[in-house]
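Heads up: the structure comes next, in structure tokens.
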Amino acid sequence: MTNIGIVSWGTYFPAHIETAAEVAAATGIPEEIVVKKMGLVQKHIAGPDDHCATMGAKAAQQALERAGVSPHEVNLIIYHGSEYKEHFVWSAATRIQELIGAENAGAFELYALCAGAPIAFKTARAMMLEDNSLKYVLLVTASRENDLVHYDNERARFMFNFGAGAGAVLLKREYSENIVLGSSVISDGVLSHSVVMKAGGSCMPPSEQTVQQDLHQLDVPDLKFMGERLGEVSHSNFLQVIRQAVEKSGYQVEDIDFLGLVHMKRSAYDAILADLGLRQEQSIYLDHYGHVQSVDQIIALDLAHQRGILKDGDLVVLAGAGTGYTWSAVAIRWGKETL
């Protein structure tokens, strides 16, 4: 059987850091609440030159350098990061191709917001299994969506942990380490308008009035409905996609060794670990990064590797959820196969 494995990965974070104390001062929320409930000690804030394609290219270059792979060997680039990038109706994927010099690669974009990483793994794996010319595929993501969150908007409070950064993963066909396995995706379209930027699209084109009315920010039109609906479905949907990804891979939930989870409030994170029977040391809470869209899972994977948590044969699961709402998970058998 042909295996698709992770050869290497890379990350990039802007130099500027905003602390929990600074968030507290800007929002009026007590620092203790920011740290303990919102789960934020600090986060990276993008500078004027930290755009999604440029940040993504830096993460991609790091991944290629770690693998000792030339950009010319890359066959495909899939960008699965933020839609808020250098320009609207524009391809960050081809710009990343240009910036890293991957002249032989095709490039396209895939959007699933904060659920994007597992879906990108799923898409790339399927394409590589079907097409034997795809030896190296580069998954790239980046976000600076904190730009779109205004601290004076109480409805956007759950997004005050948004940070900036980028990640990249290099996949290789017929590679027998860090093998990408099964995955799962489910959605709840009832929540399709739960989080929106009201102006800028075809429903409300940008104008002098939309700027004056401050409509170019992420907002929650019906906070009560979103809270109630997510309370009903989000936790169970996380457990469902994780369980399905694991079972499609020939394992059970009890076999999970490490969970790389999208950043969320501490209580929700703890509840997921508890219901999966996982200990705190079997995951990493990203309170020093905040929520960086679909970069979160790459950060968790990188930190787990740095800390020596991952061992050969471990079952790793990466899971996310994106507004709209979509939940996703992918399973990975880490390291070299053990007998």
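The values are calculated or read from the model by the stated rules, or taken from the named source; none is laboratory data. Everything quoted here is computed from the prediction, not taken from an experiment. Every residue, glycine among them, receives a Cβ derived from its backbone with ideal geometry; neighbour counts consider all protein chains shown.
Given the conditions (1) surrounded by 19 or more Cβ atoms within 10 Å (Cβ to Cβ); (2) touching a helix residue (DSSP H, G or I) at 6+ places or on another chain (Cβ under 6 Å), report the number of the one that GLN97 does not fulfil.
Condition (2) is where GLN97 drops out.
Test each condition in (1) of a type in the set (A, V, I, L, M); (2) buried (at least 24 other Cβ atoms within 10 Å of the Cβ); (3) over 20 Å from LYS36 (Cα atoms) for VAL262 and report the one that comes out false.
All conditions pass for VAL262, except number (3).
Show the residue pairs that are 6+ apart or on different chains and have beta-carbon atoms under 6 Å apart, the first residue being within the range 252-273 and closer than 15 Å to SER236 by Cα, the second being of a type in the set (Val, Ile, Thr).
VAL253/VAL246
Tell me the residue from GLY231, GLY250 that is closer than 30 Å to GLY200 by Cα and exposed (fewer than 14 other Cβ atoms within 10 Å of the Cβ), please. Before the answer, list the steps.
Values: GLY250 fails: closer than 30 Å to GLY200 by Cα.
When all the criteria are applied, what remains is GLY231.
Return the pair list, or none, for Cβ contacts closer than 6 Å from residues in the range 304-321 that are under 17 Å from HIS263 (Cβ atoms) to residues that are β-branched (Val, Ile, Thr) and part of a helix (DSSP H, G or I), at least 6 apart or on different chains.
Every condition considered, the pairs that remain are VAL317/ILE242; ALA319/ILE242.
Residue check: is GLY231 within 25 Å of HIS263 (Cβ to Cβ), under 23 Å from the mean Cα position of the chain (by Cα) and free of Cβ contacts under 8 Å to residues at least 24 places away in the same chain? Please lay out each step first, then the result.
On the way: within 25 Å of HIS263 (Cβ to Cβ): yes; under 23 Å from the mean Cα position of the chain (by Cα): yes; free of Cβ contacts under 8 Å to residues at least 24 places away in the same chain: yes.
Against the criterion (within 25 Å of HIS263 (Cβ to Cβ), under 23 Å from the mean Cα position of the chain (by Cα) and free of Cβ contacts under 8 Å to residues at least 24 places away in the same chain), GLY231 qualifies.
From the list SER202, SER194, SER133, exactly one residue is within 21 Å of ALA93 (Cβ to Cβ) and part of a loop (DSSP other than H, G, I, E, B). Which is it? Don't jump to the end; show me each part of the working.
Working: SER202 fails: within 21 Å of ALA93 (Cβ to Cβ); SER194 fails: within 21 Å of ALA93 (Cβ to Cβ).
Of SER202, SER194, SER133, the one residue that is within 21 Å of ALA93 (Cβ to Cβ) and part of a loop (DSSP other than H, G, I, E, B) is SER133.
Restricting to the range 205-240, name every residue that is in contact with a helix residue (DSSP H, G or I) (Cβ under 8 Å, 6 or more places away or on another chain) and either assigned to a helix (DSSP H, G or I) or in the same structural domain as GLU154 (by TED's automatic domain parsing) (or both).
Answer for the range 205-240, where residues must be in contact with a helix residue (DSSP H, G or I) (Cβ under 8 Å, 6 or more places away or on another chain) and either assigned to a helix (DSSP H, G or I) or in the same structural domain as GLU154 (by TED's automatic domain parsing) (or both): LEU223, MET226, ARG229, LEU230, SER234, HIS235, PHE238, LEU239.
Yes or no, residue by residue, for (1) among the polar types (S, T, N, Q); (2) at pLDDT below 95; (3) in contact with a Leu (Cβ under 7 Å, 6 or more places away or on another chain):
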site	(1), (2), (3)
TYR269	no, no, yes
GLY277	no, no, no
ASP287	no, no, yes
ASP296	no, no, yes
HIS305	no, no, no
ASP312	no, no, no
VAL330	no, no, yes
LEU339	no, yes, no
